[in-house]
1. Describe numerically, in nm with one decimal, the distance between label points set 7 Å from Cα along Cα→Cβ at Trp444 and at Ala231.
2. So for region 709-807, taking the charge dipole from beta-carbon charges (+1 Lys/Arg, -1 Asp/Glu), which of Ala726, Ile741, Ile806 sits furthest toward the positive end?
3. For Ala263 and Gln356, compute 0.36 nm times the residue count separating them, minus their Cα-Cα distance, and round to one decimal in nm.
4. If you roll a 1.4 Å probe over region 783-846 with all protein chains in place, what percent of the accessible area is carbon or sulfur?
5. If you roll a 1.4 Å probe over region 585-660 with all protein chains in place, what percent of the accessible area is carbon or sulfur?
6. Taking 7 Å along the Cα-to-C-beta vector as the label spot, tell me the Leu126-Asn607 distance in nanometres, rounded to one decimal.
7. Quick one: accessible surface of Thr281, probe radius 1.4 Å, all protein chains present, in square angstrom to the nearest 10.
8. Can you give the FRET efficiency to the nearest 0.05 for His244 and Gln662, using r as the Cβ-Cβ distance and R₀ = 60 Å?
Amino acid sequence: MMLLRWLSTIPLRLRTLILKSRVEQELDEELEFHLESQVEHLISRGFSPREARLMALKAIGGVDRQKERCREVRAGQWLALVGADVAFGWRQLMKRKLTTAAAVLSLGLAIGACTSAFRLIDSLFLRPMPVSHADRLYAVFRLGKGFSDGKPRAETSYEYPVFQRMRAAVQNQAQVVAVSFANRAYLTYTSDQEMEKAEVQYVSGTMFGAFGLQPGLGRLLTQGDDVTPGAHPYAVISYDYWVHRLGKDANVIGRVFHMGGHAYEVVGVGPKNFTGTEPGTVTEIFLPTMMNEGVTHRDWGWIRILVMLKPGVSSGPVQERLRAVFETLQRERAKEFSSKPKQFLERFLSWQVSLQPAPAGISNTQNDYRLPLMVLGVLVALVLLIACANVANLMSAQAAARAGEMALRFSLGARRGRLVRLVMAESAMLGLMAAALGMLFAAWATPFVVDRIQPHGEPIRLPLQPDFVVVLFAIVLTLIVTLMFGLLPALRVSKVRPVGALKGSVEPLKRRRWMHGLIAAQAAFCFLVLFLAGLFVATFTRLTQQPLGFSPERVLLVDAAAQRAQSPTVWDQTAELLRHIPGVLSVAQAGWPLLSGSTDNSFIAVNGEVNPELASTLAISPGWIDAMKIPLLSGRDFLESDTSGNIAMVNQAFARQYFGAQNPIGKRFAMQGEPGSLQVVGVIGNARYQDVREPARSLFFLPLNRVDEKGGLSPLGNETFVVRSAVDDPLAISEMLRKTITRAHPELHVTNVRTQQELIDAQTIRERLLAMLAAFFAAVALMLAGIGLYGVLSYSVLQREREFGIRIAVGAPRRNIAGLIMNHVFAVVAAGAVAGVALGTASLRYVETLLFQVNGSDPTMLAAPVAVLVAAALLAAIPPVVRAARIDPATMLRTQ
């Protein structure tokens, strides 16, 4: 019924919009008719024409006010009124172009930063994988204490037998899928081609079916492709890889590539939008798990376990079954560890499993950047709040300047709702312009940030195209921002008192208190941003300036691999050729570079007693410590003849932990699980091994070339040539090194060339990103807070010019006038700083894991933001103070 009534008004609405002048004329004629009728009636009762007209106008409530009321209820007129408000608001904004530009720029930067941060969060954590029923997908986490440090940890790596037992335990309730960690592997399509890299992931044959995926070409892996270890050399390539690497070759099905000693046949192309289960990584080749050597090893943690619940099944019962299976397996394996230290066994048995939702997948990138992105989100939110407070103060000051205009409008019949709408129209236009600028900034900023977190040679690829969630976030954010900075000034304008406003009294004290409150909030938020920025910059500085124990300058790392393992003689001959290249000072070999993330650990036994802490190991060639410039403290380096496998070099940390104050040279120790013992022949200085954040760990070195059980040298499938260059930029000789290796031994393929410094930089990507962005937002927050303080002080001086003029006229020194302003300013800033200190102290517990050798409660770290805030307040206060001190009392009193 109501719909029919509304439809019946459509012709009237169209007439109002199209024939606006005609409708206005009819309104004038109708009101004039009613007015004249009332006048005639009053005249007939004996009143004079003048008295009758005044009484009629009073009775009708004013012609203009009645017109306004009629327009507001007229069908379709609301649109015309909104259009008029927008046009008037636009003119007001254009009158203050500089102020408008400053407001749009500050809000746009804040909105863009928030949207950019949300785009990253959405692409990594919120955007579900393009699979069926992603809301029913869970990941199996392991929760417990670290074996080396005892700290709480959450891991996702499992051994293949664990997956098999879990799959069998819940097969009626869920489909359990194993997926390996995606890794860059080296492959060739023909034996004479150069090796190329591709992101490879081993997956259960049932994964594609469990996810409800369909092939883009050919077929996908099935359960039958994942039965017998090493017997199913089939591969599915991703759609993205098919397009960009193989040019959408229609004959790709049946094509063969070689990798790790196997020839794999391509049986299908994956669906268009599916890029694997790891956000941040685009998997290019999917292989059956049975083609991975790890399926036959009980102690290889190389897979993640995903659980797709069946319809109607909740996660609770499934988790309990998986937990029971895991605890049983842990107890069974603990029996094999009877020789392990007691502390190790206690921590081993303390681990539990937990099902956690994983609709977006699961990856190391998520783990690395979950907390940094949360911190980044808080920083940009604080900057947004500062910007909103700034613009709110600006609009409040402008509204105060227009108090007389608003009072006149109200006196002429404008309702208070119309006044609110008039101010909100300006706010809405500011918000829309800022949102447009913010979207442009976010379109640039998001790829920029992603580019800053790229590890060398391992690009992070995220789906950054805006989706519905991002668009909705931008719309809601713009609406909230507009209300935050526009609604309060609009409501204050609507409460204007016509008599007081027209006389010049606009309650300046009350208004100033509200504006000063916003300034205090800005100071508090600005302090928090400055404090966090100081923590992150100090962390990055100390992390990059700490001693590494070796010299990374001019060191080039050349990773090489062979399709089939080669004799150490081949590798040694290649190293000798590299030594004769111009610009090369020395060449050595290692199993992998320092700080590459690779590691090999073992429990160490001395005199039959097993130490509860793990020690790390690295295989190196003679001359490696010289190439890395690690000092030899005692004993000797390895010799070419050291191939027996019963000697080792150790670092200072190892010597101190296992031999105490004794001279370690000549001492023996054993690797648990390995036959025989090793004799220490040399002690070298401590060097960072796996992570620049951790202290120097116990590390022992073994000869790279060792005799196997048959009496011959063990062949090597890959190693790293460590080249110390004579030139400042070692990459300048990289191409010559690559060509020399290929020409000398075609069976060797260079898989990667990088500098040692690049590996160090890759270890500090997170800290560099946080320091850079936090410093940027701190500068923006400080600038906005300074501008806001300047605006409030300028408004305050303008409102109190008469007071200051009188004070000067009666003999007050001008320095006292400056003191009146400055005292209040610093009181407001001090209040904000105190609140900021409380916020900063409370935030420490949430960011302490991101810090390195930085104590947030250090008085220096707390005092620095206060000093910066005070300096900014002084700079912002100088112009208004100078203006107040220059007031001429005679001129001021005459104008007043």
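1. With each label point 7 Å from Cα toward Cβ, the separation is 6.0 nm.
2. Checked the options; the winner is Ile806.
3. The Ala263-Gln356 span can extend by a further 29.8 nm.
4. On the way: 2050 of 3170 Å².
Carbon and sulfur together cover 65 percent of it.
5. On the way: 1440 of 3000 Å².
Here it works out to 48 percent.
6. So the label points at Leu126 and Asn607 sit 6.2 nm apart.
7. That residue has around 30 Å² of solvent-accessible surface.
8. Details: r = 59 Å, r/R0 = 0.99.
E(calc), rounded to 0.05, equals 0.50.
The values are calculated or read from the model by the stated rules, or taken from the named source; none is laboratory data. What you see is a predicted model; the values in this text were computed from it and never measured. Ideal geometry is used to build each Cβ from the backbone, glycine not excepted, and the neighbour counts take in all protein chains shown. Calculation scope for accessible area: heavy atoms of the full protein, side chains included, ligands and nucleic acids excluded. Shrake-Rupley method; radii C 1.70, N 1.55, O 1.52, S 1.80 Å.
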